[in-house]
1. State the number of residues belonging to segment 38-61 that are within 17 Å of Gly8 (Cα to Cα) and over 9 Å from the mean Cα position of the chain (by Cα).
2. Inside segment 15-33, can you point out the residues that are among the β-branched types (Val, Ile, Thr) and assigned to a helix (DSSP H, G or I)?
3. Suppose we filter Thr9, Thr32 for residues that are within 14 Å of Ala68 (Cα to Cα), without any contact (Cβ under 8 Å) to a residue 12 or more places away in the chain, of a type in the set (S, T, N, Q) and surrounded by fewer than 16 Cβ atoms within 10 Å (Cβ to Cβ); which single one remains?
4. If I ask for residues that are at pLDDT 95 or above and within 14 Å of Cys46 (Cα to Cα), which ones from segment 63-77 would you list?
5. Could you tell me whether Arg81 is assigned to a loop (DSSP other than H, G, I, E, B), modelled with pLDDT under 80 and basic (Lys, Arg)?
Amino acid sequence: MVSIKVNGTSHQLDVEGETPLLWVLREEIGLTGTKFGCGISACGACTVHINGRAVRSCTMPISSVDGAEVTTIEGLSPDSRHPVQQAYLKSNPNPTDADIDANLTNICRCGTYERLRRAVHRAAALMRT
């Protein structure tokens with residue numbers, strides 16, 4: 001049994017200790033916002049916060065987070081006003097593509113940068129309204 005708190009909700013899980021946290025989040029808890037990308041902790045699609053620290057969940061065994069607090073994308077802010085988002089957009093409320101590219105920290109090979117840029121531009125526009 002593993003005990004974790006995910007987005008403020010406690011869970012007791014009967015899973016194999018070596019099961020990656022990503023699959024526990026998606027298949028056992030039903031939170032599919034955290035994505036599988038590369039499977040080697042390189043792309044960042046599976047990033048979650050564990051006790052406030054950003055980690056890649058695709059290679060993190062569930063046994064290593066027993067008793068931890070996990071925050072997924074679903075647990076940020078229901079109204080898109082999470083402090084991380086606000087801090088970035090507050091310092092640059094109208095980012096250019098170059099600004100966004102300079103701040104993307106993953107090395108994704110999936111070609112989604114255009115969608116990521118559009119999402120940041122949309123978030124910036126929403127923050128300005």
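The values are calculated or read from the model by the stated rules, or taken from the named source; none is laboratory data. Model, not experiment: these values are computed from the prediction. Quick reminder, even Gly has a Cβ in these numbers, built from the backbone with ideal geometry, and neighbours come from all protein chains shown.
1. Final tally of qualifying residues: 4.
2. Those that are among the β-branched types (Val, Ile, Thr) and assigned to a helix (DSSP H, G or I): Val24, Ile29.
3. It is Thr9.
4. Result: Val70, single match.
5. yes
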